[in-house]
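Chemist: Can you keep this structure in mind? I'll have questions shortly.
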Amino acid sequence: MALPDIFLNTSWSVQYIPGVRKRMHTLHSLVEASEEQAVAARQLKALSEDCCRYLQTLGRLEPRDELNDESEKTGQLRECVITQVWPQSTSASTVSQRHCLGLSIEVRYQKTTYQVILMARRSFDENECPLTAILYKASQSTVKHIKNWLDFKFGLPSAWPLQLPSEMLPRMCSSYITLLTESWTAATDYTDAWRQATLKQAIGKLKLTIAFSSATGTEIAPKLKTLDLDLPSESTNLLLERASQRSHARGAVQDTFLDELARAIHEKTGLRLPLTGAPSLGGNQVNKNATGTREAGQDSQNSTPPAEPPLKVTKITCAAFAISVDGKLKLASKPIENADVVGYQEDVVRQAYWQLIDIVREEAERRGKEHDDQRSS
């Protein structure tokens, strides 16, 4: 599946929608594309007009803040446009799939346009909400109003900010990088130069932002809160070569690349980053299923929360994307635009981008189910 242009060049904030067992006929029919195109177009037009009227009514009813008047920045609301979001692909079988990726809501003012994307679930159950996440580039008040309209119109539960686990960021990065390698042929002088040119355009300099916690100890750089580590594309290429030589099974390069990256950072800086479950600085074991350690003699009946790792990755940026633990995501169009010039495949980059979005969607589904389980317990 290839990512459509609507996701590109926008700094998205992500919220997850709690899982609810509730039938939402109109949303199901639009997301699953079960209606004919003409019928769906009429439904989307009616929803667009209804959303616009709702936002205009709220705007008139709310008291005006003379010190922070948002209307001076945006101008008057002109219209709302709701459309279906389809994957971009030249494959007829993919285009004709049963459901779309979600719904896009454009809130168009005189001076600016806000964008909200309602992401669909990966699989559908007719008796549950078909949406799992909200991606938005808009003011907080506008997002609040749209969420209120979704609740008023469909009974959609209120969405919550999606905090990404720190260990997820390196895996998302490795997923994007290693997917590019699947289109490379056996190594020759020509393909090696082509591979390096591809990495330079599609990834560029890789920057990892590392946060220090109090677990590192006050004697170790007490005023140092974050540290940026830069990895040039030439180094990324070298680590990929090492990972490919060590990995023979398909898909194994992703974890092996993180092993090589963690080893290279340790050799250069002495830091042990929790990229693949390796012990971090201070001897604490950090992995995806960490449950904390118990001190000797501690009562086994008293459960303690997981200890915060001394070091954790909080943000990763490169020429292609920027992702952070506070649920921020941005995908750049440059690697796609430069595909024909350098000679790599545009579809491969779009598929790698979609894989990043799909990982975020999977995490939103997990958090939504977890939220629902906590409410029901």
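Chemist: Multiply the residue separation of T10 and V341 by 0.36 nm, subtract the distance between their alpha-carbon atoms, and state the gained length in nm to one decimal. Show your work: numbers first, answer last.
Modeler: Numbers: separation 331, 0.36 × 331 = 119.16 nm, distance 2.37 nm.
Stretched out fully, the T10 to V341 stretch lengthens by 116.8 nm.
Chemist: List the GluC sites (Glu not before Pro) within region 4-52 that DSSP assigns to loop and that have no more than 13 neighbouring Cβ atoms inside 10 Å.
Modeler: Hits after loop and neighbour filter: E36.
Chemist: Using 0.36 nm times the number of residues separating D151 and W194, minus their current alpha carbon distance, what extension gain do you get?
Modeler: Length gained, D151 through W194: 10.4 nm.
Chemist: Loop only by DSSP, 11 or fewer other Cβ within 10 Å of the Cβ. Give me the GluC sites (Glu not before Pro) in region 107-202 that pass, ordered by residue number.
Modeler: Those satisfying the criteria are E126.
Chemist: So if each residue of separation counts as 0.36 nm, and I subtract the Cα-Cα distance between E32 and D373, what length gain in nm does that give?
Modeler: On the way: separation 341, 0.36 × 341 = 122.76 nm, distance 2.59 nm.
Contour length minus the Cα-Cα distance gives 120.2 nm.
The numbers here are math on the coordinates, done by the rules we state, and not lab data. If you're wondering where the values come from, they're calculated on a predicted model, not measured in any experiment. For neighbour counting, all protein chains shown are included, and Cβ atoms are generated from backbone atoms with ideal geometry for every residue, glycine included.
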